[in-house]
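Worksheet: one structure, shown below.
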Amino acid sequence: MWLKIKERLNIKNVTFDLFIFYIYKRLYQRFLVTKPNFPKILFIMGCQRSGTSLLTRIFVRDLLSIVYRESSKLSSNDPLKLRLNPLPTVKDEVGKHHAELIVAKPLVESQNASEILDFFPTGHVLWAYRDYKDVAASSLKAFGDDVGISDIRPFLENDQTNWRSQNASEKTQSIIRECFSEDMNKHDAAALFWFARNQLFFEQGLHQHPRVTMLRYEDFATDPPKAIAQIYHFLNRDFPGKHILKEVHAKSVKKGTSVQLSPEIEHLCQELYQKLEDTYHST
């Protein structure tokens, strides 16, 4: 039972208090919460290494939520357990619960965000973004030095079967073709992938969609009560309280300060990052 709960929570070390809370939460929802006809759904999207796993662990501590990690029943048909099942199947699965809020993290479907919003009338998207140098440094540390190269190769052939390059615009593909080489700087490659994934936010018109909000990683890490309270306000829900934020800390901010990028990649990413910043601060 302990291992099953650990898997569902997507937490490396499940503390005893979280174990007890999980049991209480399931019983509370089953017997004390009226099953909603149309549960509110929050899809966490954006580029990997932007604090999205931590976000899911925060929502786990919300008594009225159900959280689907990246690999879950929502992606059970995919050999790698990452790509979402057909949306009608996803709808059937999330509709089983008594929870008032369903949270899912289909990062590899960020290129399909507008389609998902169209399918789910009660669906909302939280787009998490983080400084590109921090993301590049974190990606290489987590997945190895070659991750950037392997992530952007699918763009060279416009591979629509690969989530990385699926629905990428001609502009994005052209930029990557111009910048790519097999021996390119490893941080340049990771930053270029950051560019491709966050470019999707604007290419899909998500910055103008009423059911989309943004989360700036640096604000999330340094002032979590304010950042998460804003998300609950966006969802028209009460903020459960600071107790759900116990895992958040600011130690990972500016970890990529020493990362050196080529002038071309630096300019490309900085321009997009500023566009994200301007959009975030204007809302």
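The values are calculated or read from the model by the stated rules, or taken from the named source; none is laboratory data. Here the structure is a predicted model, which means the values were calculated and not measured. Heads up, the Cβs are rebuilt from the backbone with ideal geometry, glycines too, and the neighbour counts pull from every protein chain shown.
Of the residues making up the range 178-187, those that are in a helix (DSSP H, G or I) and either closer than 24 Å to Ser138 by Cα or touching a Pro at 6+ places or on another chain (Cβ under 7 Å) (or both) are Cys179, Lys186, His187.
Is there a residue in the range 214-232 that is assigned to a strand (DSSP E or B), modelled with pLDDT of 95 or more and aliphatic (A, V, I, L, M)? Yes, the conditions are met somewhere in the range 214-232.
Restricting the range 27-60 to residues that are polar (S, T, N, Q) and surrounded by fewer than 24 Cβ atoms within 10 Å (Cβ to Cβ) leaves a set whose member that is farthest from Thr122 (Cα to Cα) is Gln48. Mind checking which residues of the range 3-51 are in a helix (DSSP H, G or I), at pLDDT 90 or above, within 24 Å of Glu70 (Cβ to Cβ) and of a type outside the set (Lys, Arg)? Result: Gln29, single match.
Ile228 meets each of the listed conditions (1) closer than 19 Å to Pro154 by Cβ; (2) of a type outside the set (Lys, Arg); (3) touching a Leu at 6+ places or on another chain (Cβ under 7 Å) apart from (1).
Counting only residues that are of a type in the set (A, V, I, L, M), touching a His at 6+ places or on another chain (Cβ under 9 Å) and modelled with pLDDT of 95 or more, give me the helices (runs of 4 or more DSSP H) lying completely in the range 107-177 with at least 2 of them.
113-119, 132-143
Counting residues in the range 145-159 that are in contact (Cβ under 8 Å) with a residue 40 or more places away in the chain, farther than 28 Å from Glu218 by Cβ and surrounded by fewer than 20 Cβ atoms within 10 Å (Cβ to Cβ) gives zero. Check the range 85-97 and report whether any residue there is of a type in the set (S, T, N, Q), modelled with pLDDT of 95 or more and under 21 Å from Tyr217 (Cα atoms). No: zero hits.
None of Ser76, Ser114, Ser65, Ser138 is over 24 Å from Asn236 (Cβ atoms) and touching a residue at least 24 places away in the same chain (Cβ under 8 Å) except Ser138. Screening Ala190 with (1) assigned to a helix (DSSP H, G or I); (2) modelled with pLDDT of 95 or more; (3) under 16 Å from the mean Cα position of the chain (by Cα); (4) not basic (Lys, Arg) gives one miss only, at (3). Flag not set for Leu54, criterion: modelled with pLDDT of 95 or more and touching a helix residue (DSSP H, G or I) at 6+ places or on another chain (Cβ under 9 Å). Condition check for Lys251 on (1) part of a loop (DSSP other than H, G, I, E, B); (2) surrounded by 14 or more Cβ atoms within 10 Å (Cβ to Cβ); (3) not small (Gly, Ala, Ser): one failure, at (2).
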